[in-house]
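See structure below.
The values are calculated or read from the model by the stated rules, or taken from the named source; none is laboratory data. Owing to the predicted nature of the structure, the values given are computational and were not obtained by experimental measurement. Counting neighbours? That spans all protein chains shown, and the Cβs are built from the backbone with ideal geometry, glycine included. Note: areas computed on protein heavy atoms with side chains; ligands, DNA, RNA excluded. Shrake-Rupley method; radii C 1.70, N 1.55, O 1.52, S 1.80 Å.
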Amino acid sequence: MNGEFSILAASWLGPEGYGNDLTGLRDWPTSLAEQLQRGDLNGLHWSLLSDSDPSRFLRMDLMCRLGFMAVELLDAGFDTMSDVRREHTGVCIESFTGSLDTDIRFALTPRPSIFTYTLPSTVIGEICIRFRLKGPVLSLVPTAPGGGDGPAEAIDWLQRGEAENVLCLSIEAMNRSTANSLPLPPELSAAGWHAAALLLGPEENPSRAQPLTAGPLADIAASRVRAPCRNALAISNRQKIQCG
Amino acid sequence: MASLIETLVEELKAKLIAGFRLEGVTAATINADMPIFGGGLGLDSIDALELVAILEQDYGIVITERAVANKAFASVRALAEFVAANRA
């Protein structure tokens, strides 16, 4: 798609497993796998990926949880990134189902803590707060699950110099039980779930950077995770990706 | 009255933990005399709204004035006393 900029890191969470471009695709713990396969996402928990503080995790809606996990799973080194670089790291999120899962839950149980998450852009705020990112942000609603213009928008920001790096996410977050609670259009009820993340920017680590190819963001991330970097260095000890 | 307040203190602690999904927090770790907000529970302004909703739904108490909320939310014990004095 663009020779100047590369995929610096990729991650994927979906029914079949989770991982990043260093680890490859890992199986969910057996006890959780069956739930996730049938679209019951309530068992997803921060502790599957990280030992770091999960204090806000359980209070988030499903979309925020998935986005949070996808970014953590990237192992992109945000914790050690300079303040200057974080100030120029943008976030672009695309989601076909958006906050629909939360919207339905709010309609069924109108509470302030649920209302907070009835916007698909809320996940951007949560991610920016946690990882201290201050670049441009954008929330896109594509016309089909997994498809969108996130990477194209990211390249535009990078080429214009509006951002030095861009975090692109594709998130579909529909709990099966929520989807079944209302008669939804087939494309929504069948959207399933996943969270995919790509960190884009100028190539800086030849052992990990890979060319950005054309296609839906979710497919690009999934393919990077299914074919992990052969030359990658040892995986960070901070990551807990060890269950199988 | 004292035992009623203590019962309410424990009841409200349980509601806070469940309502705010406070992971790793137990009733024993919440000091009933410490501030509910701005303390170690990590609660924010949305949680204040949630607490107002809990009071309305579970105890029939409607809070419309900030000054009343400030006094009632000073601590779990203050909240228990407020509930005991005002619930429907």
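Points worth noting:
- Residues being surrounded by fewer than 20 Cβ atoms within 10 Å (Cβ to Cβ) and of a type in the set (Phe, Trp, Tyr) - total across region A:1-40: 0
- Residues being assigned to a helix (DSSP H, G or I), over 15 Å from the mean Cα position of the chain (by Cα) and farther than 19 Å from A:Leu167 by Cα - total across region A:49-92: 2
- Qualifying residue in region A:91-99 (condition: in contact with a Lys or Arg (Cβ under 9 Å, 6 or more places away or on another chain) and touching a residue at least 12 places away in the same chain (Cβ under 8 Å)): no
- Scan of region B:2-18 for residues that are without any contact (Cβ under 8 Å) to a residue 40 or more places away in the chain and either touching a Cys at 6+ places or on another chain (Cβ under 7 Å) or within 14 Å of another protein chain (Cβ to nearest Cβ) (or both), ordered by number: B:Ile17, B:Ala18
- Residues in region A:96-115 that are among the hydroxyl-bearing types (Ser, Thr, Tyr) and touching a Ser or Thr at 6+ places or on another chain (Cβ under 7 Å) were compared, and the one that is surrounded by the fewest Cβ atoms within 10 Å (Cβ to Cβ) is A:Ser99.
- Every pair of residues 6+ apart whose Cβ atoms lie under 9 Å, when the first sits in region A:27-51 and is at pLDDT below 90 while the second is of a type in the set (A, V, I, L, M) and assigned to a loop (DSSP other than H, G, I, E, B): A:Gly39/A:Met174; A:Leu48/A:Ile241; A:Leu49/A:Ile241
- On the stretch given as region B:19-55, residues that are more than 11 Å from every other protein chain (Cβ to nearest Cβ) and open to solvent by 30 Å² or more (accessible area, probe 1.4 Å) total 11.
- Among (1) in a helix (DSSP H, G or I); (2) under 27 Å from A:Ser82 (Cα atoms) - the single one A:Ala197 does not satisfy: (1)
- Tabulated pairs, region B:56-74, first farther than 14 Å from B:Lys15 by Cβ, second open to solvent by 70 Å² or more (accessible area, probe 1.4 Å), C-beta under 7 angstrom, 6+ apart or interchain: B:Gly60/B:Arg87; B:Gly60/B:Ala88; B:Val62/B:Glu56
- Check on A:Gly17, over 26 Å from A:Asp156 (Cα atoms) and more than 13 Å from the chain's Cα centre (by Cα): yes
- Subset of region A:203-218 [assigned to a strand (DSSP E or B) and touching a Leu at 6+ places or on another chain (Cβ under 8 Å)]: A:Leu212
- Residue in region A:108-123 that is nearest to the other protein chains (Cβ to nearest Cβ), counting only those that are in a helix (DSSP H, G or I) and without any contact (Cβ under 8 Å) to a residue 40 or more places away in the chain: A:Pro112
- In region A:42-62, the qualifying residues are those that are open to solvent by less than 20 Å² (accessible area, probe 1.4 Å) and not aliphatic (A, V, I, L, M), and the one that is nearest to the other protein chains (Cβ to nearest Cβ) is A:Phe57.
- A:Ser82 meets the conditions (1) modelled with pLDDT of 90 or more; (2) crowded, with 17+ Cβ neighbours inside 10 Å in every case but one. The failed one is (2).
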